[in-house]
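**Q** I am attaching a structure below and will ask some questions about it afterwards.
The values are calculated or read from the model by the stated rules, or taken from the named source; none is laboratory data. This structure is a prediction, so every number in the text was calculated from the model and none was measured. Backbone-built Cβ (ideal geometry, glycine too); neighbour counts: all protein chains shown. Side chains included, ligands, DNA and RNA excluded: accessible areas come from the protein's heavy atoms. Shrake-Rupley method; radii C 1.70, N 1.55, O 1.52, S 1.80 Å.
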Amino acid sequence: MNRTAVLALILAALPAAGLTATAQGSLSQPAAGVDMKSAPSSFRDLAKRLMPAVVNISTEQALAAPLPTFPEGSPAERFNDYFGRDGGAEMQGSLGSGFVISADGFIVTNDHVIEQADTITITFSSGRELQAKLVGRDKDTDIAVLKVNSRSPLPFVEMANSDLAEVGDWVIAIGNPLGFGGSVSAGIISATGRDLNAGRSDNFIQTDAAINQGNSGGPLFNLAGQVVGVNTAIISQSGGSIGLGFSVPSNSVKRISQQLIKEGRVRRPWLGVNVQDADAALIKAYRAKGLTGVIITRISDDSPAKTAKLEVGDLILTIDGKSIGGVREMTRMLSEKAIGKPVKLSVVRDGRARDVNITLTELKEDDEDAAAATPDTAANSNDLGAELAPVDDDMRRRYGIPKDISGVVVSSVSPRGRAYNKLRRADVIVEVNFQTVSTVTQTLEKVKAAMANPSQPVLIRVKRRGETGGWFDQFISIEVTK
């Protein structure tokens with residue numbers, strides 16, 4: 001058994017209880033008297049009524065080049081059958097799950113289920129098979145929409161409001177694990193808002209309902225028979241379920257699938273900044289209130305942020321009045337905003353709060369709202385406990401400092417100093433408490449003056465070299481008392 005934990009992609013779908021199903025209507029209308037909080041005595045009726053809207057998905061893809069066959073009459077000819085070589089194109093396939101979201105045949109599944117497929121076959125619980133065509137796909141959320149044509153309306157299910165899903169709620173899944181179609185499992189929501197570093201806007205629902213390979217693309221249902229999530233991934237040492245399954249929330253699925261159906265692609269809003277997480281100490285150094293936010297470290301040219309005259313160093317606390325928990329939450333929040341419509345940012349600059357209205361534009365392939373938040377360690381005297389030096393030609397050659405960067409360079413950091421684990425070797429200090437510095441003496445004077453107020457951290461802005469060689473802004477708070 002592989003002892004290394006792996007992220008195995010999978011999805012599953014499950015129905016809800018006490019529903020009325022017709023071949024022409026939604027299966028997600030809860031019957032009267034359904035208790036959404038208590039565990040049902042059985043999931044039998046739930047599964048039976050939702051099963052018609054959950055489908056198995058099989059795909060085939062022709063390999064780039066067919067395998068060669070041994071010549072007829074040659075001694076090795078008998079191996080053609082053994083290796084399955086008949087001279088035609090070799091095919092490979094995959095299995096997954098999905099669910100119908102409209103009577104006219106739109107189906108939601110995972111992108112990785114149908115990736116590179118030449119043919120997609122949909123199998124219903126009745127055994128009926130239909131060929132599907134791809135409507136659109138989104139790699140970032142791993143969501144795809146398919147379409148089948150049917151002479152009669154198809155049974156379908158509806159999306160829940162996943163923002164209302166709570167830890168401990170019962171959920172069920174129906175899917176096609178390892179080819180066992182129509183499999184049902186039950187469990188609870190174990191957590192919400194999980195980040196698996198799988199995409200820009202991870203916000204997974206975690207469940208302990210058993211989902212395995214082949215469940216990919218199927219729905220996770222609440223007890224009202226509504227889809228609360230699309231099962232997408234598991235964490236496992238063996239590749240099988242150990243009770244750590246993850247689903248894309250239905251609100252994200254709804255938004256993505258609607259765009260795919262309407263336009264065949266997903267249009268994402270773009271602000272045009274790089275940001276770093278701001279903790280309580282940094283926010284205090286900004287003389288602001290709150291515990292979380294983000295600090296702008298780079299602004300792209302010709303971006304909405306540039307047009308709105310945001311500046312590097314701005315501390316963003318809220319978007320449309322809602323607090324920002326960090327870089328990834330900001331990314332998720334912006335992804336849900338409309339392109340071409342203004343959003344209001346609450347910003348702190350130079351210790352003063354202000355509101356900035358920004359109209360988001362569409363994210364292009366070469367644009368990226370990226371995070372530049374990296375915890376750093378570094379290597380010794382003075383109030384900082386760091387050795388500083390002027391940025392002269394020798395230092396520029398030694399550390400590769402560009403000519404357009406001025407300030408003082410950090411040559412070492414003492415492990416016993418205040419700046420340990422804050423500043424690091426080769427950092428160029430450019431500001432202390434929003435005031436520009438250009439010499440070592442000036443920097444130390446401003447640090448000493450700032451430390452006269454023990455209740456207020458010292459805010460230092462540095463230029464830092466990244467792993468790829470580029471330089472970016474980093475904001476650091478140094479506590480006065482130690």
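**Q** Bin by bin, in steps of 10 Å, what percent of the Cα pairs in region 386-448 do you find, going until the bin that has the longest distance?
**A** For region 386-448, the pair-distance distribution reads 24, 55, 21, 0.
**Q** Compute the distance in nm between two label points, each set 7 Å from the Cα along the Cα-to-Cβ direction, one at GLU115 and one at ASP140.
**A** Rounded to a tenth, the inter-label distance reads 1.7 nm.
**Q** Taking a ≥ b ≥ c as the square roots of the Cα gyration tensor eigenvalues, with a/c under 1.5 meaning rounded and otherwise prolate when a/b beats b/c, else oblate, which class fits region 240-321?
**A** oblate
**Q** With the full set of protein chains in place, find how many percent of the accessible area of region 409-482 is carbon and sulfur; take the probe as 1.4 Å.
**A** 46
**Q** Follow-up question, since we're still on this one. I need the Debye-formula profile for region 179-294: one equal scatterer per C-alpha, no solvent, reported as log10 I(q)/I(0) at q = 0.15, 0.21 1/Å, two decimals.
**A** -0.82, -1.15
**Q** Let me ask something else about it. By its C-alpha gyration tensor, with a ≥ b ≥ c as the square roots of the eigenvalues, how is region 98-150 shaped: rounded for a/c under 1.5, else prolate for a/b larger than b/c, else oblate?
**A** Note, shape of region 98-150 comes out prolate.
**Q** Take the residue pairs LYS284/LYS403; LYS254/LYS337; LYS284/LYS448; LYS289/LYS322; LYS306/LYS341; LYS309/LYS422 and return only those whose Cα atoms are more than 24 Å apart.
**A** As for pairs spanning more than 24 Å Cα to Cα, those are LYS284/LYS403; LYS309/LYS422.
**Q** Return the FRET efficiency for the residue pair THR441, ALA353: r is the Cβ-Cβ distance, R0 is 30 Å, and the value is rounded to the nearest 0.05.
**A** Between THR441 and ALA353 the formula returns 0.35.
**Q** Sticking with this one: At 1.4 Å probe size, with the rest of the protein present, what percent of the exposed accessible area of region 99-206 is carbon and sulfur atoms?
**A** Percent of accessible area from carbon and sulfur atoms in region 99-206: 47.
**Q** Just check region 236-374 against the gyration tensor rule for me: Cα atoms, a ≥ b ≥ c as the square roots of the eigenvalues, rounded for a/c under 1.5, and otherwise prolate or oblate depending on whether a/b exceeds b/c.
**A** Taking the square roots of the gyration eigenvalues as a ≥ b ≥ c, region 236-374 is oblate.
**Q** Quick one: Kirkwood hydrodynamic radius for region 142-243, alpha-carbon pairs, angstrom, one decimal?
**A** 14.5 Å is the Kirkwood radius here.
**Q** Further question on the same structure: Between LYS309 and SER406, how high is the FRET efficiency from 1/(1 + (r/R0)^6) when r is the Cβ-Cβ distance and R₀ = 30 Å? Nearest 0.05.
**A** 0.85
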